[in-house]
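Since the structure comes first, as structure tokens, the remarks are kept for the end.
The values are calculated or read from the model by the stated rules, or taken from the named source; none is laboratory data. If you're wondering where the values come from, they're calculated on a predicted model, not measured in any experiment. A quick note on method: Cβ atoms are made from the backbone with ideal geometry, for glycine too, and the neighbour counts reach across all protein chains shown. Just so you know, the surface numbers come from the protein's heavy atoms only, side chains and all, with ligands and any DNA or RNA stripped out. Shrake-Rupley method; radii C 1.70, N 1.55, O 1.52, S 1.80 Å.
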Amino acid sequence: MELNFSSSVLIASFKRPQKLAQCLYGLEKQSKKPDEVIVIWQADDADTQHLAEEIKSKISFPLKIVHCPEQGIVPAENAGLKIASGEIIFLIDDDAQAPPDWIEKHVKHYADPSVGAVGGPANNFYPDGTPFPRRRVNPVGKLTWYGKSIGNMYDQIEEWRHKSIKCAEVLV
């Protein structure tokens, strides 16, 4: 079954234009292209704005560039959410590289009408590029009845990267 949900990718970026360029070129390699990508540059970070403007003509998806006068990931992502038109919203850090099937794999989960959100693993790295130690922590992707999230969605062991977890499970 072909799913035709529209997608918006939000990238809140601050003073890492070269990392942002790698992230944007990584999105260019997606097997299912995003319908739009929104780069939110923050405060006085004109270098990020200029880099995004320069790349705009070199990529195949629509790129919107938004300014958030306040520095911080939450205000920046909120500014991006205000103009996002996608039915599915993806968030990615400016220094992250999405695998080429990132959007395609996530969208497939929405064939199940009980799915309201999809997450995935993340791997953290030290500034020198060394990966953080892998974790063996349960539970993964749970939500308490009062809204507390128990994520543990990062630095998982390799076997868990393809583990199917029903995130809609609520702990009572």
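Observations, loosely collected:
- Only one of the numbered conditions (1) in a helix (DSSP H, G or I); (2) in contact with a strand residue (DSSP E or B) (Cβ under 6 Å, 6 or more places away or on another chain) is not met by G86, and that is (1).
- Hits in segment 58-93 - residues which are among the acidic types (D, E), farther than 11 Å from I38 by Cα and surrounded by 13 or more Cβ atoms within 10 Å (Cβ to Cβ): E87, D93
- V107 open to solvent by less than 80 Å² (accessible area, probe 1.4 Å), at pLDDT below 95 and more than 16 Å from the chain's Cα centre (by Cα): no
- Per the listing I55, I38, the residue uniquely of a type in the set (A, V, I, L, M), without any contact (Cβ under 8 Å) to a residue 40 or more places away in the chain, open to solvent by less than 50 Å² (accessible area, probe 1.4 Å) and not in a loop (DSSP other than H, G, I, E, B) is I55.
- If the condition is being among the charged types (D, E, K, R) and either crowded, with 17+ Cβ neighbours inside 10 Å or part of a helix (DSSP H, G or I) (or both), then segment 14-27 contributes R16, K19.
- Every residue from segment 32-67 that is touching a Pro at 6+ places or on another chain (Cβ under 8 Å) and farther than 17 Å from I92 by Cα: A43, D47, H50, L51
- Filtered residues of segment 57-108 (kept if closer than 22 Å to Y25 by Cβ and small (G, A, S)): S57, S60, A76, G80, A84, G86, A96, A98
- Residue in segment 94-101 that is under 24 Å from P127 (Cβ atoms), open to solvent by 40 Å² or more (accessible area, probe 1.4 Å) and in contact (Cβ under 8 Å) with a residue 40 or more places away in the chain present: yes
- Taken over segment 42-52, the criterion of being open to solvent by less than 40 Å² (accessible area, probe 1.4 Å) and touching a strand residue (DSSP E or B) at 6+ places or on another chain (Cβ under 6 Å) is satisfied by Q42, T48, A52.
- Any hit, segment 40-56, residues being in contact with a Leu (Cβ under 9 Å, 6 or more places away or on another chain) and under 16 Å from Q97 (Cα atoms): no
- Which numbered condition Q30 misses (of (1) in contact with a Leu (Cβ under 7 Å, 6 or more places away or on another chain); (2) open to solvent by less than 80 Å² (accessible area, probe 1.4 Å); (3) of a type outside the set (G, A, S)): (1)
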